[in-house]
1. Per residue of the stretch 252-265, in order, report the coupling 6.51 cos²θ - 1.76 cosθ + 1.60 (Karplus, θ = phi - 60°) as ³J(HN,Hα) in whole Hz, putting x for Gly and Pro.
2. Suppose every Lys and Arg Cβ carries +1 and every Asp and Glu Cβ carries -1, with no other charges. What dipole size does the stretch 334-388 come out with about its Cα centre, to the nearest 20 debye?
3. Of CYS368, CYS144, how do they rank once you tally other Cβ atoms within 10 Å and put the fewest first?
4. Of the listed peptides 379-386, 254-261, what is their order by residue-averaged count of other C-beta atoms within 10 Å, with the highest listed first?
5. Just to be sure I understand the model, the point goes 7 Å from the Cα along the line to the Cβ. What's the resulting ILE91 to SER279 distance in nm?
6. How large are Rg and Dmax for the chain when calculated on the C-alpha trace, in angstrom?
7. Suppose a student asked you for the relative contact order of the stretch 3-387, using Cα pairs under 8 Å spaced at least 6 residues apart; what percent would you report?
8. Once both labels are modelled 7 Å past Cα along the beta-carbon direction, what's the ASN372-PHE271 spacing in nm?
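Values in this text are rule-based calculations from the coordinates and carry no lab data. Predicted model only: the values in this text are computed from it and were never measured. With ideal geometry, Cβ positions are generated from the backbone for all residues, glycine too; neighbour counts draw on all protein chains shown.
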Amino acid sequence: MIRYLTAGESHGKGLTVIIDGIPSNLKIDERELNLILAERQKGYGRGGRQKIESDRAEILSGVRFGKTIGSPISVFIRNNDYENWKSRMSITPINQSVDEFLIPRPGHADLSGGIRFNHRDLRNVLERASARETAARIIAGAICKILLKEFNIEILGYVVNIAGISTNIDKKLDIKDIIKKIKNDKVDLRYPDSKKIPLIIKKIDSAMKKGDTLGGIIKVIAEGVPPGLGDYTQWDRKLDGKIAMALMSLQSIKGVEFGAGFSYANYSGSFVHDAIYYSKNKGYYRKTNNAGGLEGGVTNGNKIIIRAVVKPISTLRKGIDSVNIKTKLKSKTVYERSDVCVVPAVSIIAENLVAIEITNALMEQIGCVELNLMKENYKNYLRHIRKY
Ligand SMILES: Cc1cc2nc3c(=O)[nH]c(=O)nc-3n(C[C@H](O)[C@H](O)[C@H](O)COP(=O)(O)O)c2cc1C
């Protein structure tokens, strides 16, 4: 079983992630982890923070001579911005007074988190609730993705809608063709429909000028996932439930759907269910994939298809009405350097979070503490599927 925890504040010394349960003898290259971190920082519409931070993952344990040794892997990402926050984020008590963050931002955990932990300086909340934390989470996903590659399982997250400009150009494409399309995109929107990109750029520029923000929809697809991963026997073992939780826990995601998802509401049952066929060559197969690769919490061998909606982020340059928690007077939120559109970044983070859940399901079915033994188990499992 893969377990992971992250720690760290947005402007503290740095972020840490500990990942437990990765089998031994898996090749890990720090450079690969850094590529994922760089990808997370890209995207037209990101704010000034991304220019300050050029994230670098430093593996502290669990890897020796380039291979995992089966021990917990810990990774540290330094916050370069910490130099500017040393006194405000001091670990030890200091003698000078520090400006308190007193006006909670609607759409953030500021007010409810302050109430929960009884913080009077809301910086104590926002420092941890910030999506900066995803820089650590994404590393757990990146390591899982390296493991999944050993089993020919590929996952891709990309953007299918920004500010209502949507595309379904990807519908019949597989991962390698979608990658070609999103790599062509010079502005790092991870959006596969190049014709619509100028319109999206226009929308983002206009939002920037107005001090506004934009949301969208991301899609994550997984190919090569065998049938039988996940479980139907207990509510908290269902793979669709686990993926949905992983994605809903990602800052700014407000809805998740699998396959036909919310559009199921528009059709009758006789139209939407993926009828089962069998041939000697293919084994069991479907002609449609409305289920998005999961039935009853278990993979069915089809491509996993997930979409999630990303809300427009809530730090607006023009401010939103709020209340000062000290004076109780009406106040506008104060603007702190912020992103305008994070949908592309959310897509790459989501890709990696889904990787963690699929890895866990794979480990449950054929898992082993050593990679080569795990591969032997996988061969057996594939044989079982073919014979079934
Ligand atoms: C990669 C990423 C970057 C984000 N950047 C910002 C930002 O600069 N300003 C902001 O107000 N919210 C930003 N958010 C969104 C907030 O973190 C999020 O809305 C907030 O923590 C509340 O969580 P919730 O939206 O899931 O309820 C970002 C989210 C992600 C995933």
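1. Taking θ as phi minus 60°, the curve returns 5, 7, 10, x, 9, 9, 10, x, 5, x, 5, 6, 3, 4 Hz for the stretch 252-265.
2. Numbers: 6 positive and 7 negative charges, 105 e Å.
With only Lys, Arg, Asp and Glu charged at Cβ, the dipole is about 500 debye.
3. If I rank by nearby Cβ atoms, fewest first, I get CYS368, CYS144.
4. Most protected by this proxy first, the peptides run 254-261, 379-386.
5. Result: 6.3 nm between the two label points.
6. Rg, Dmax (Cα atoms, Å): 22.2, 77.
7. Numbers: 747 pairs, mean separation 86.2, N = 385.
Answer for the stretch 3-387 is 22 percent.
8. 5.5
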